[in-house]
Amino acid sequence: MSLKDKIKSNPGLKKFVHWLLIPIGGARPRLWVKWFVNPIVHKKGRGASIKWRTRIDVLPFNQFTMGRNAVIEDFSTINNGVGDVIIGDDTLIGMSNVIIGPVTIGNNVIFAQNIVASGLNHEYRDVTFPISKQKIVVSPIIVEDDCWIAANSVITSGVTIGKHSVVAGGAVVTKDVPPYSVVAGNPAKIIKQYDFTTGEWISVKGK
């Protein structure tokens, strides 16, 4: 059994280790984790940069990786507390984005401004118990290569956005998006798809 599995299987030890890493009731790692542990555990590709006014709430027990020349702009929040956050090569995470793992973002992806992508949900179905006390449910978000996620969009847990797709500004994406598609609205629906036969983007109705 690995050290990680031993910690998970022992509630007391898990609680103690969690306290060592994060203050009670908080999400930010303690400074010693940020300064001395994360730089060793997490990987940044050559040319990758995180602007200094970004909140990086990442912990050593889940992955946080950035590919070559990836950028995270100011005022964003990145959190891997309940799942990995993986960002590919030449990908831009624009200003004021919130990304809560598990989230995997491919290469050459543009995240514009004020986007929320959260692989985390709260259970709510037990009406005899406060939602805040119910368990956390996670389901991975995947954004494949070459996508453009426009400003003020929301990507909900469990969604895959296919290669070279566009999410229009303000869209709320609750279902998978096929490759080479444009989606818009709340909930987001397909409005265009690329036709490889004609070489054109074709409007779609009724999807």
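The values are calculated or read from the model by the stated rules, or taken from the named source; none is laboratory data. Model, not experiment: these values are computed from the prediction. Cβ coordinates were reconstructed from backbone atoms using ideal geometry, including for glycine residues, and neighbour counts include every protein chain displayed. All accessible areas refer to the heavy atoms of the entire protein, side chains included, with ligands and DNA or RNA removed. Shrake-Rupley method; radii C 1.70, N 1.55, O 1.52, S 1.80 Å.
What does the accessible area of residue 200 come to, in Å² to the nearest 10, when a probe of 1.4 Å is used?
110 Å²
Which residue fluctuates the most in the chain, going by a Gaussian network model with Cα springs under 10 Å, if the choices are 106, 12, 45?
For the chain, modelled as a Gaussian network with Cα springs under 10 Å, the answer is 12.
What value, in deg cm²/dmol to 500, does the helix sum -39500 (n - 2.57) over DSSP H runs of n ≥ 4 give at 222 nm once divided by the residues of the chain?
It lands at -2500 deg cm²/dmol.
How much of the accessible area of region 12-101, probe 1.4 Å, is carbon plus sulfur, in whole percent?
Roughly 62 percent, rounded to a whole number.
With the cut-off at 21 Å, tell me which of the pairs 14/135; 15/133; 135/163 have Cα atoms farther apart than that.
Those over the limit are 135/163.
What are the aspartates and glutamates whose alpha-carbon lies under 20 Å from the alpha-carbon of residue 175, with same-chain residues fewer than 8 places away excluded?
Within the straight-line limit of under 20 Å, residue 175 reaches these aspartates and glutamates: 123, 144, 145, 146.
If you fit an axis through the alpha-carbon atoms of helix 11-21 and take the longest principal axis of the Cα set of the chain, what angle between them do you get, 0 to 90°, nearest 10?
Roughly 80 degrees between the two axes.
Excluding ligands, DNA and RNA, what is the solvent-accessible area per residue of region 103-207 at a probe of 1.4 Å, expressed in Å²?
57 Å²
Under a 5 Å amide H to amide H cut-off, with H placed in plane at 1.01 Å, what residues pair with residue 88 once short-range neighbours are removed?
Here the answer is 67, 105, 106, since their amide H atoms fall under 5 Å of that of residue 88.
Counting only heavy atoms of the protein chains, get the accessible area per residue of region 1-86 (1.4 Å probe) and round it to a whole Å² value.
On a per-residue basis, region 1-86 sits at 65 Å².
If contacts are Cα pairs under 8 angstrom and at least 6 residues apart, what is the relative contact order of the chain in percent?
RCO, the chain: 10 percent.
Calculate the all-directions average of the projected area of the chain's alpha-carbon convex hull, and give it in nm².
So the mean shadow area of the Cα hull is 14.2 nm².
Compute, for residue 36, the solvent-accessible surface of its heavy atoms (probe 1.4 Å) with the complete set of protein chains present, and express it in square angstrom to the nearest 10.
Residue 36 exposes around 130 Å² with every protein chain in place.
Check which residues have an amide H placed less than 5 Å from residue 76's amide H, if you skip close sequence neighbours.
Result for residue 76 returns 55, 96, 97.
Over the Cα atoms of region 50-122, each weighted equally, I'd like the Debye log10 I(q)/I(0) at q = 0.21, 0.26 Å⁻¹, rounded to two decimals.
Each listed q maps to, in turn, -0.83, -1.28.
Put 137, 37 in order of accessible area, largest first, 1.4 Å probe: what do you get?
If we order 137, 37 from most to least accessible, we get 137, 37.
Pop out the ³J(HN,Hα) list for region 115-131 in order, Karplus 6.51 cos²θ - 1.76 cosθ + 1.60 with θ = phi - 60°, rounded to Hz; leave Gly and Pro as x.
Once θ is set to phi - 60°, the couplings for region 115-131 become 9, 10, 10, 10, x, 10, 9, 9, 5, 9, 6, 7, 6, 8, 9, x, 4 Hz.
Restricting to the chain, compute how many DSSP beta bridges are antiparallel as a %, nearest 5.
Antiparallel: roughly 20 percent of the beta bridges in the chain.
Show me 47-54, 87-94 ranked by packing, highest mean number of other Cβ atoms within 10 Å first.
87-94, 47-54
Give the value in nm², to one decimal: projected area of the alpha carbon convex hull of region 99-184, averaged over all directions.
Reported value for the Cα convex hull: 5.4 nm².
Please compute the Kirkwood hydrodynamic radius of region 146-207 from all pairs of different C-alpha atoms, in Å with one decimal.
This gives a value of 11.5 Å.
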